[in-house]
Amino acid sequence: MDNTKRENFGSKLGIIMATAGSALGLGNIYRFPCEAGANGGAAFLIVYLAIALLIGTPLMMAEFIIGRRSRSNPIGAFRKLDKTSAEGGKARKSPFTLVGYLGVLSAFLILAFYTTVAGWTLGYLGKSIAGHFGGQDLAGIQQQFSDFTSHPWLPLVCQGAFLLLTAVVVMRGVKDGIERWSKILMPLLLVIMVVLCIKSLTLSGANEGLRFFLKPDFSKIDAGVLISALGQCFFSLSIGMGALITYGSYIDKNDNMLSSAVSVTLADTLVAVLAGIVIFPAAFSFGIQPEAGASLAFTTLPMVFQQMTGGYFFCLIFFLLLVIATLTSTISLLEVIVAALSEELHLSRTRAAIIGTVGTAIIGVLATLSFRPGSPLHIGGTTVFDLLDHATAMYLMPIGGLLIVLFVGWRMKRADVMDEMTNGKWKENSGKMKEGCTTAAPRRHSTFHSQLSTLIYLIIRYLAPVAIAIIFISQLLK
Ligand code: PFF
């Protein structure tokens, strides 16, 4: 594909917002509390924070580097870079060329089950507009959740509507569709989460929930907690499957990817922690089990709104923002599929979006229907939904992430990687920034950026692969 024809994000804020848009979503507000609740609360949180900091940002950088260097979708990216990275410039094809396919497969499977819950958010937006939660007690709200998720067609209609909405935005292209939405609405989500935290912390009995979430019992950390936290971190930061390779391919060559990666990791982690601070104190206060799983966020939050002055209004705004946060995530998932299909098979964006959407819908319907009681859509006692969730977060994303860091750390040339990380200001021999590269920025900044880039490179090359491999293997041996 002609590089000059590729669209770029319009501004530095654009990349941060689009990447944050991909990262922030159901992973933070729905999946994080589910996983933390099932894995000991604070013990999970500690492991999660360590992984986000040590592996999250470096892996995000690795994906940006692959994307911007290749200016290609994940499949094309590995093919192109594999060729140019071969020692002596010889075109020796390595198995790394398969990693891009793995990423596109992951995007497809994630989008399929993600749109199940995305559909619920749309349904819950409808319920909050209609005032369905007003005057309900816990049993009533729990009943509403099970009635809604097991309804024969309503969740399917919501899922279909959500997919359609995603497809329409993706067809319009990266800049117009993705960037504009994220820029305005993601900060607003942060504000509403803070308001919710304040309310939740003032509920009676909130302390016990806060203790569950923030006071770690280290003896609870085992292989299961490690892999769950790793999978959750990859899922939440949208890493390990090519979404950020795709977005990286739209980043301008002068943009500072490192500060974007750090900002997005921090913002994403902050929203997840805030979600925990909203949900656990409230859950303990209302007597909802922290292991409640899928229903945790969808029962706890409406209960919190019930207790608030102006609860109707806050509930409505919250679910509207959640729908939008979810939409910016589904957009990034469909974009992986569309970029790959349109560039690899030379299809128009519209055609690629239609194929991606229909394919996702077929699997997605099975995930949604597997919530119906007595549904035959269980494989080995697990719903199709959980199966897709586990297969991607616990297997495909960690494997994808491992291969991505190995590729950048060991297959790509160090000079190319550092060049990307420092926007062409890396001087190979001295390991420092090139002279005269810092006309606009003070010298201290340049040294810091250079040292941080080196540190991230070393993490990508050594620490990240070892840590991911150990966690992944320890889970297999459990
Ligand atoms: N990061 C998203 C969330 O936390 O909801 C989910 C997601 C989006 C995962 C895009 C992967 C992805 F490529």
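The values are calculated or read from the model by the stated rules, or taken from the named source; none is laboratory data. Please read these numbers as outputs of a predicted model, since none were measured by experiment. FYI the Cβ positions are ideal-geometry reconstructions off the backbone, even for glycines, and counts take in every protein chain you see.
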Inside the stretch 204-238, can you point out the residues that are of a type in the set (A, V, I, L, M) and closer than 19 Å to Glu291 by Cβ? Ala206, Leu210, Leu214, Ile221, Ala223, Val225, Leu226, Ile227, Ala229
State which residue pairs qualify: first residue farther than 13 Å from Ile251 by Cα and inside the stretch 43-67, second residue assigned to a helix (DSSP H, G or I) and basic (Lys, Arg) in any location, beta carbons under 7 Å apart, and separation of 6 or more residues or different chains. Ala43/Lys220
Among the residues that make up the stretch 274-287, is at least one of them within 16 Å of the ligand (Cβ to nearest atom) and among the aromatic types (Phe, Trp, Tyr)? no
Ile288 is checked against (1) of a type outside the set (Gly, Ala, Ser); (2) more than 19 Å from the chain's Cα centre (by Cα); (3) in a helix (DSSP H, G or I) and fails just one. What number does that condition carry? (3)
Looking at Ala352, Ala441, Ala415, can you tell me which residue is within 24 Å of Val170 (Cα to Cα) and either at pLDDT below 95 or crowded, with 16+ Cβ neighbours inside 10 Å (or both)? Ala352
Name the single residue that is farthest from Glu344 (Cα to Cα) among those in the stretch 228-253 being more than 8 Å from the ligand (Cβ to nearest atom) and polar (S, T, N, Q). Ser228
Against the definition (more than 10 Å from the ligand (Cβ to nearest atom) and in contact with a Phe, Trp or Tyr (Cβ under 7 Å, 6 or more places away or on another chain)), how does Gly224 come out, yes or no? no
Out of curiosity, is Pro74 of a type outside the set (A, V, I, L, M, F, W, C) and within 16 Å of the ligand (Cβ to nearest atom)? yes
Filter result (away from the ligand (no atom under 16 Å from the Cβ) and buried (at least 22 other Cβ atoms within 10 Å of the Cβ)) within the stretch 306-332: Cys315
